Amino acid sequence: MQNRRAFLAAATAFAVATTGVPAMASVDLSSFVNEVADASITQLSSADPTDPARAAALKPILLKYFDMPGLAKHVLGAYWKKINPDQQQEFVATFTNYIASVYGQRFKQYKGQKLEVKRVRDEGATATVFTAVANGDDAGSRVDWQLRTDGPAPLVTDIRVEGLSLADTHRQEFTSVLAQHGGDVTALMGILKSKSLLN
């Protein structure tokens, strides 16, 4: 499981697009996923071997390739509508820094796993790219990339490793924290900031 999480860190290294643009061709979606993985590995491998440096290298990849506003809204669930637009914007920024910090640190476990696209399920405004990670004892680990494809470029909306959703996992974690703090999103942001390696 450690190696699977390590690859997830590399691939994640884990912007709202306009609507009305035709979905990208399947071959382009395959290339897009490979581009995300390659960019993550290249940027994180060339960063200084410190956790803050890895987090800083991962953040622009998240902003370019991931629907961070959509992910932030998803992980807050019903609490998203309980905060004003300024707080929503602040949460997106805080969440992005937190994700960059968490998965940037995990990249140090990366041991050269390779990604292979198996198939693409294109559903118009969304798509799933099914991939496998093969290397050593991690052969055949399934990694599914969920994308939105209704804009000028695809964006990652979730990654599932052996069925485990990154987005849903954080939603469950945050819901638990919010329940302990009376639904106070400001308290949650304070906790995320305390765990972030970025300002």
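The values are calculated or read from the model by the stated rules, or taken from the named source; none is laboratory data. Because the structure is a prediction, the values reported are computed rather than measured. As a convention, Cβ positions derive from the backbone with ideal geometry for all residues, glycine included, and neighbour counts pool all protein chains shown.
Observations
- One residue from PHE14, PHE7, PHE32 being surrounded by 15 or more Cβ atoms within 10 Å (Cβ to Cβ), closer than 19 Å to ALA127 by Cβ and modelled with pLDDT under 90: PHE14
- Flag if ASP158 is of a type in the set (Asp, Glu) and at pLDDT below 95: no
- Once segment 77-111 is narrowed to residues that are among the basic types (Lys, Arg) and in a helix (DSSP H, G or I), the residue that is farthest from the chain's Cα centre (by Cα) is LYS82.
- Hits in segment 161-187 (condition: touching a strand residue (DSSP E or B) at 6+ places or on another chain (Cβ under 9 Å) and either of a type in the set (Val, Ile, Thr) or under 16 Å from GLY70 (Cα atoms) (or both)): VAL161, SER165, LEU166, ALA167, ASP168, ARG171
- Segment 77-96 - residue that is touching a Lys or Arg at 6+ places or on another chain (Cβ under 7 Å) and of a type outside the set (Ser, Thr, Tyr) and, of those, surrounded by the fewest Cβ atoms within 10 Å (Cβ to Cβ): GLY77
- Qualifying residue in segment 122-130 (condition: of a type in the set (A, V, I, L, M), in contact with an Asp or Glu (Cβ under 7 Å, 6 or more places away or on another chain) and not in a strand (DSSP E or B)): yes
- For segment 30-56, the set of residues classified as aliphatic (A, V, I, L, M) and either part of a helix (DSSP H, G or I) or under 19 Å from PRO154 (Cα atoms) (or both) consists of VAL33, VAL36, ALA37, ALA39, ILE41, LEU44, ALA53, ALA55, ALA56, listed by residue number.
- Of the criteria (1) assigned to a loop (DSSP other than H, G, I, E, B); (2) of a type in the set (D, E, K, R); (3) over 23 Å from GLN88 (Cβ atoms), which one ASP150 fails: (3)
- Residue in segment 165-179 that is within 19 Å of ALA100 (Cα to Cα), under 19 Å from the mean Cα position of the chain (by Cα) and in a strand (DSSP E or B) present: yes
- Residue in segment 90-101 that is among the hydroxyl-bearing types (Ser, Thr, Tyr), at pLDDT 95 or above and within 26 Å of THR149 (Cβ to Cβ) present: yes
- Any pair with Cβ under 9 angstrom, 6 or more apart, that starts in segment 176-199 at a residue that is under 15 Å from PHE91 (Cα atoms) and among the hydrophobic types (A, V, I, L, M, F, W, C) and ends at one that is in a loop (DSSP other than H, G, I, E, B) and at pLDDT 95 or above: LEU178/ASP184; VAL185/ILE83; ALA187/HIS181; LEU188/HIS181; ILE191/HIS181
- In this structure, ILE191 does not qualify as at pLDDT 95 or above and either buried (at least 20 other Cβ atoms within 10 Å of the Cβ) or under 19 Å from LEU62 (Cβ atoms) (or both).
- All told, ILE61 falls short of being more than 18 Å from LEU166 (Cα to Cα), surrounded by 15 or more Cβ atoms within 10 Å (Cβ to Cβ), touching a helix residue (DSSP H, G or I) at 6+ places or on another chain (Cβ under 6 Å) and not hydroxyl-bearing (Ser, Thr, Tyr).
- Test: residue in segment 65-76 that is exposed (fewer than 15 other Cβ atoms within 10 Å of the Cβ) and either of a type in the set (A, V, I, L, M, F, W, C) or outside any helix (DSSP H, G or I) (or both): no
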